[in-house]
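Inspection log for the structure reproduced underneath, given as structure tokens.
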Amino acid sequence: MDDRFSNNKSRRFYLVLILLATALLYSRCLDYGPVNWDDALLRTQVYGEGFKPAGLVNLLKPSFSATYQPVRELVSTLLAGRAERSSWLAFHLVSLAFYLGTVIFFYLTVSLLLERVHKLRGLSTWWLGAVAATGIFALHPGHVEVAAWVLGQKDALVGFFYLGALYFYIRSS
């Protein structure tokens with residue numbers, strides 16, 4: 001079984017299966033509106049200009065936000081027109097896309113680490129550990145905020161860039 005998993009088609013099959021299950025599970029959140037943590041987005045005087053010079057000037061003001069979250073603010077500015085029309089689908093799709101990217105990097109990182117353990121210690125079912133860990137990570141209900149909250153992208157972005165950096169670091173050594 002270990003030889004079959006070393007085949008790239010098998011690796012992709014399990015990854016696609018997990019991604020489909022995750023997208024199906026979190027697709028229920030796509031029609032949600034804003035929740036209490038999304039109140040900052042509802043300030044149309046800040047995001048109302050959208051991706052225009054006036055909106056970008058507001059984005060760059062030091063007093064704009066208490067925290068420095070440029071990607072979240074940029075996405076919010078780009079999609080501001082949809083917020084004014086109370087159309088939140090685009091925000092949730094962006095969040096879900098970031099989360100699915102995080103799941104991909106998680107799977108690749110765990111697979112790479114467990115494959116190295118297999119080479120060192122002879123762990124015969126290492127591929128099963130990678131699939132199980134990724135399935136638990138992707139489908140755990142504690143991650144629902146990433147897709148359900150309009151401004152949940154920041155949480156997925158941290159995981160996306162951290163796991164991406166870890167994966168490429170491990171792969172380079």
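FYI, it's all coordinate maths here, none of it is from the lab. Model, not experiment: these values are computed from the prediction. Note that we place each Cβ from the backbone using ideal geometry, even for glycine, and neighbour counts take in every protein chain shown.
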Seminar exercise, completed: Given the candidates GLY164, LEU113, GLY129, the one whose Cα lies deepest towards the positive end of the charge dipole of the stretch 105-173, counting +1 at each Lys or Arg C-beta and -1 at each Asp or Glu C-beta, is LEU113
Exercise. What ratio of Cα Rg to 2.2 N^0.38 Å holds for the stretch 98-166?
Worked result: 1.23
